[in-house]
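Notes for the one structure printed next.
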Amino acid sequence: MRDLKNYKVSAPGPVTLKGRFLTLETYDREKHLAGLWDALGGAEAINDLLKYFPNDDYATADSLDLWLQSIRQSGGYVTLIAIENASGKIVGMASYMRPDPKNGVIEVGSVAHGLAMKRSPMSTELHYLMAKHVFEGLDYRRYEWKCHNENEPSKVTARRYGFTFEGVFRQHVISRGANRDTAWFSMIDSEWPLIKAGFEAWLSPDNFDASGQQKRKLEDIRAELAKDVA
């Protein structure tokens, strides 16, 4: 076990994380708001995309900005905007949430993949870059993923990325005027080397054919690597 008597880390701050497919930048209203609003579908589609978010619906880009500013100021959240390297266009967002530097724990949430990002290497790379920063940049011990227990796609995605399901917190919160049971997932620092190797093997150019389709699934790659370690 790691000796934690002198363990000390800091809260996350503004950061830029660069990958092969996309770059993550800390949210800035003037630079990002209009593009983010459009990437998430604008007034026509954003509320369907964010239906599991606990907040009220967004009518305008300004209402989205007010929420992003409020979670930064009150909760120390760091919202990262995903920008496609090839086009320079904003394609989505995700946040570091509820930082607990004393215990080295942080959560990823407020995840919204725009249409251009869904089912593409960009979505996987976003979570690789964020997890890598948690464990290697911030030296945190635990990285959490929580979602509405009815949000089956989110639970499937968490497992795909290497998070371990830990259980359901029943009647955890009231969300949008209704009960929310919350599914909890995590990955910890001792698991990161294997999870990292899986991400990097999946994201490698060798894992994609000429049409850009994956050759091997991320879960299969990680399972094979685990066998080699065992």
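For the chain, a crude dipole built from +1 on the beta carbon of Lys and Arg and -1 on the beta carbon of Asp and Glu, taken about the Cα centre, is about 500 debye to the nearest 20. Here the label points at Asp62 and Glu200, each 7 Å from Cα along the C-beta direction, are separated by 4.8 nm in the simple model. Would you work out if the stretch 119-166 is rounded, prolate or oblate? Take a ≥ b ≥ c from the square roots of the eigenvalues of the alpha-carbon gyration tensor; rounded if a/c is under 1.5, else prolate when a/b is larger than b/c, oblate otherwise. Oblate is the answer for the stretch 119-166, as a/c is 1.5 or above yet b/c matches or exceeds a/b. Apply the a/c threshold of 1.5 to the C-alpha gyration tensor of the stretch 1-149 and tell me whether it is rounded, prolate or oblate. It comes out prolate by the Cα gyration axes. Label-to-label distance, Phe169 versus Arg29, with points set 7 angstrom from Cα along the beta-carbon direction: 3.0 nm.
Can you compute the label reach from Asp48? Point 7 Å from Cα along the Cβ direction, backbone N cut-off under 17 Å, restricted to the stretch 144-169. Only 153 pass the distance filter.
Hey, in the GNM for the chain with a 10 angstrom Cα cutoff, which one of Trp184, Trp145, Trp67 fluctuates hardest? Largest GNM mean-square fluctuation: Trp67. To the nearest 0.05, what FRET efficiency results for Lys18 and Asn55 with a Förster distance of 45 Å applied to their C-beta separation? It comes to 0.90.
Bear in mind these aren't lab numbers, they're just calculated from the coordinates by the rules spelled out. What you see is a predicted model; the values in this text were computed from it and never measured. Backbone-built Cβ (ideal geometry, glycine too); neighbour counts: all protein chains shown.
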